[in-house]
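I have placed the structure first, in the form of structure tokens, so that the comments after it can refer back to it.
Throughout, read-outs are computed from the coordinates displayed, never taken from laboratory work. These figures come from a predicted structure and were not determined experimentally. No Cβ is skipped: glycine too gets one built from the backbone with ideal geometry, and neighbour counts run over all protein chains shown.
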Amino acid sequence: MKKILIPTDFSINAAKAIKFALRLAQNRKDVHLTFFHATDTAIPTQMPSRMAEEFVSNNIEEGLEKLKTEVHKHLKELEISAEQINSALLVVQGGFKKNISNEAERLDIELIIMGTCGASGLKKILFGSNTVDVMQSVDCPVLAIPNNYKFHPIKHIAYAADFLTIEEGFEKVVFLAKLFGAPLEVFHVDSILPHRVDHQTFDKAHFVDNLKKKFVYEALSLELIEMKDEEDNDDALAGIHAYVAKNHPSILAMATYNRIWIEKLVNPSITKEMMFQTEIPLFAFKKKGE
């Protein structure tokens, strides 16, 4: 059973994630969705304990009804019946960040799918919304759905990889590929992901074959991207953009362990920052070194 958590604050951005998850889980008994909401309603400090308990109970009950209505609305819009989805509703009292971390651990969640508000560049998706707070507070991967995303069948997943530590956490990327039954292409950008590859001597076939065997996934491929001398080799966005523009992946996967690489994403050049107008979901996971 693949356990997926979908948090919502009932915003338009969150609705994108709900619809994405519903399409994914339709007629799949191997996928279980938990729709999650934290009420975050302050309890008056002078309220007697018994009244406070009733207050919390009423908040949760109201939240559950609102969450149920929200999910059913999207089921209707997508013309999916409730019987086609294996799901549950979860509403808790308190702050979002702490509760989502606790519940993800308690429920043994394998993936969080959530909407994100910043989609004018990769920087804003990673660092300009609540998504990054969730990424930092949970151990499981997060699949961020941009607010301008238009749903398409997931046909190709791409993973931006650093060869030195590629096997660390790679099972999470394979999990994603298996979840969608999609081919997975690893790509490496010279001068950006910090370990160069000699394109003349590197044995791509042997490298890919080893990954296929170790992670038990045949639909694997590799692309090496060599930045031209005239290009700004210090700008990670340029290399990633070059790959995305050429290959059009359905989902871009990245690890967040590498502080140097992340720093390049946070502080790219102004010109190149505007190049990467992403409309695809971003799958992010932490490596052990994070």
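Summary table
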quantity: Amide H contacts of D9 (H built 1.01 Å from N, under 5 Å, at least 5 apart or other chain); calculated: A14
quantity: Net charge of Cβ neighbours under 14 Å - reference K2; Lys, Arg +1; Asp, Glu -1; calculated: +1
quantity: For E218, net neighbour charge (Lys/Arg +1, Asp/Glu -1) across residues whose Cβ lies under 14 Å away; calculated: +2
quantity: Cβ-Cβ FRET estimate between N210 and E61, R0 fixed at 51 Å, reported to 0.05; calculated: 0.45
quantity: Cut-off 15 Å between beta-carbons: net charge of the residues surrounding I251, Lys and Arg +1, Asp and Glu -1; calculated: +4
quantity: Neighbour cut-off at most 15 other Cβ (10 Å), DSSP loop, chymotrypsin sites (Phe, Trp or Tyr not before Pro), the range 9-87; calculated: F10
quantity: Loop GluC sites (Glu not before Pro), the range 1-91, which have at most 15 other Cβ atoms in a 10 Å radius of their Cβ (DSSP); calculated: E79
quantity: Potential extension, K178-N86 segment - 0.36 nm per residue separation minus Cα distance; calculated: 31.3 nm
quantity: Pairs beyond 21 Å (Cα-Cα), from K29/K98; K2/K246; K76/K150; K97/K150; K150/K287; calculated: K29/K98; K2/K246; K97/K150; K150/K287
quantity: Fewest-first ranking of V174, V56, using other Cβ atoms within 10 Å as the exposure measure; calculated: V56, V174
quantity: Footprinting exposure proxy for T69, T256, T41 (fewest neighbouring C-beta atoms within 10 Å first); calculated: T69, T41, T256
quantity: Least to most buried among D190, D9, D108 (fewest other Cβ within 10 Å first); calculated: D108, D9, D190
quantity: Value of D in µm² per second that Stokes-Einstein yields for the range 2-146, Kirkwood Rh from Cα pairs, at 20 °C (1.002 mPa s); calculated: 135 µm²/s
quantity: Between the range 69-108 and the range 14-35, the alpha-carbon center distance in angstrom; calculated: 9 Å
quantity: Shape parameters for the range 3-44, alpha-carbon atoms, Rg then Dmax in Å; calculated: 12.6, 44
quantity: Interchain or long-range residues, amide H under 5 Å from H156's placed H; calculated: S250, I251
